[in-house]
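Taking it in order: structure first as structure tokens, then the write-up.
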Amino acid sequence: MVIETFDRPSEETLSELERVDPNELGHHRHFGHAAPELAFMETARSASVVGSALTVRIPPVDGTMVHKATELAEPTDVIVIEMDGHETNAPWGEITTHAAVANGARGVVIGGAVTDTAAIREIDFPVYAREKTTRTVQRLEDSLGGDINVPVQVGGAVVRPGDVAIGNGDGVAFVPRDEVEHVLEHYTGHSEAERDVIDRLYEGESLADISGANDRIAALRDE
């Protein structure tokens, strides 16, 4: 199934989301974070990426729908590929990168492997994936199927078309579209409380005192 259009966040909203630190989200949100093994592949000068998720689900060895996704990609998009945990054959490499960049796509997140990383590094395109490999998906005369712009699961995170991918050098998180305003309101960089903690640390206080860890440890001793 190929769904060619979906509701995307505006470019203005995505620009605002560039102020959101995905690591800060990790303190407060337990869902939407891809597993640590889905990592930045050092394919761009910067790992930072914010974009609307264009989702793809493919059979492990057939890249037909990935090629179609590069055609459908728009300048606000990050392509997100589910491939059922398969890591042997890469659905993404130099040519798919050029195809995506030609349409303005901002990055790709792959629940599998990537190839041609040296060439992609020359293009300067952020890739998040599980592995690198020399093997690619096959050019099949008859497609095995797949889907575009349906809910997918990548790195344990459920991603729907139009959700927002926010990545940095530590990984990638996904924010549902209906939670974007809440995230903008609460998680734009260091909070005032965090700044206060940092100041107190350099004034000589102990983190264990500030956080209450010492009180909890004392309570354990009294049990």
What one gets for the range 21-141 as the Kirkwood radius, inverse of mean 1/r over different Cα pairs in Å, is 14.3
Counting only C-alpha contacts under 8 Å and six or more residues apart, can you give the relative contact order of the range 43-152 as a whole percent? 37
Less than 15 Å from a label point 7 Å out along the Cα-to-Cβ axis of residue 35: which backbone N atoms in the range 85-127 qualify, by residue? 85-88, 110-113
Just to check I understand the Karplus step: with θ = phi - 60° and J = 6.51 cos²θ - 1.76 cosθ + 1.60, what whole-Hz values come out for the range 71-78, glycine and proline as x? 6, 7, 4, 10, x, 9, 8, 10
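Run the numbers on the chain and let me know its relative contact order in percent, using alpha-carbon pairs under 8 Å that are six or more apart.
For the chain, the relative contact order is 29 percent.
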In whole percent, the fraction of accessible protein surface over the chain that belongs to carbon or sulfur atoms, probe radius 1.4 Å, stands at 47
Ordering of 40-48, 171-179, 13-21 by packing [mean C-beta count within 10 Å, highest first]: 171-179, 40-48, 13-21
Here the relative contact order (percent) of the range 36-91, from C-alpha pairs under 8 Å and at least 6 apart, is 39
With only alpha-carbon atoms counted, please give the Rg and Dmax of the chain, in Å. 19.9, 71
Only helical DSSP H runs with n ≥ 4 go in: add -39500 (n - 2.57) per run for the chain, normalise by residue count and round the 222 nm mean residue ellipticity to 500 deg cm²/dmol. -8500 deg cm²/dmol
Per residue, in Å², the accessible surface of the range 1-104 once ligands and nucleic acids are set aside, probe 1.4 Å: 47
Just to be sure I understand the model, the point goes 7 Å from the Cα along the line to the Cβ. What's the resulting residue 1 to residue 218 distance in nm? 5.9
Full extension from residue 119 to residue 48: what is 0.36 nm times the residue separation minus their Cα-Cα distance, to one decimal in nm? 23.6 nm
Given labels modelled 7 Å from the Cα in the Cβ direction, how far is it in nm from residue 179 to residue 10? 2.3
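The values are calculated or read from the model by the stated rules, or taken from the named source; none is laboratory data. In this text the structure is predicted, and so the values were computed from the model without any measurement. Backbone-built Cβ (ideal geometry, glycine too); neighbour counts: all protein chains shown. Just so you know, the surface numbers come from the protein's heavy atoms only, side chains and all, with ligands and any DNA or RNA stripped out. Shrake-Rupley method; radii C 1.70, N 1.55, O 1.52, S 1.80 Å.
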